[in-house]
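Each remark here refers to the structure printed beneath this line.
Read-outs: derived from the displayed coordinates by stated rules, not from any lab. Here the structure is a predicted model, which means the values were calculated and not measured. Ideal geometry is used to build each Cβ from the backbone, glycine not excepted, and the neighbour counts take in all protein chains shown.
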Amino acid sequence: MSLIKVIYYFSLIFVLSCSANNSIEVNLKNKLDKAKILFNDGKYSKAKDEFEYIIYNNPGSSVALNAQYYFAESLYMLENYEKASQEYDKFNMLSQNSELIARSKFLICKCLYMLSSDSNKDQSQTTFTIDRIQYFLEEYPATGHKDECESMIKDLRTKLAKKEIDAAK
């Protein structure tokens, strides 16, 4: 084969591969839009599946990052707090959107709060949650979540005090 034919074939392959990636990207953006509609309609379980599909089929893209946030939100709305906090953490590691990072860190605190044990069980997770909420308040003092965070800390400290009282009895 001549050099011109080789260059032609490589150019053709390059152009076709670029157009295929564009097609996939547009497809996933459409899928993301549909998943957001499901989410906004309160169909969190279906939306969660769609977001997860996007994340695993195009990791590292901006579409997948956007889907990551909504995936965590869907899990939160489905009251799967443990998995939601893990997914928010993944989002925080990858994102550069400071507003969404602050919101997701607050929601991690809420997840931890919801997962804290009753006062008659081990309270090591409760202590960790208090520390995490206080760290959030120090890191983001200007957010509108100060009152809610202080209320969560108060409830958690009440659990710790009740645990101490019960242990003393």
Summed residue charge, Cβ within 12 Å of Asp49's Cβ, Lys/Arg positive, Asp/Glu negative: +3
Rounded FRET efficiency, nearest 0.05, which uses the C-beta distance separating Ala142 from Ala168 and R0 of 30 Å: 0.15
Spin-label model distance (nm) - Leu160 vs Glu79, 7 Å beyond Cα toward Cβ: 2.7
Within region 52-85, backbone nitrogen closer than 12 Å to the virtual label 7 Å beyond the Cα of Leu94 toward Cβ: 52-72
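Taking the alpha carbon gyration tensor of region 77-165, what are the square roots of 5 times its eigenvalues, largest first, to the nearest whole Å?
Numbers: eigenvalues 115, 46, 18 Å².
Gyration-tensor ellipsoid for region 77-165: 24, 15, 9 Å.
Full extension from Ser45 to Asp131: what is 0.36 nm times the residue separation minus their Cα-Cα distance, to one decimal in nm? Could you put the intermediate results ahead of the total?
On the way: separation 86, 0.36 × 86 = 30.96 nm, distance 3.15 nm.
That pair, Ser45 and Asp131, stretches by 27.8 nm at full extension.
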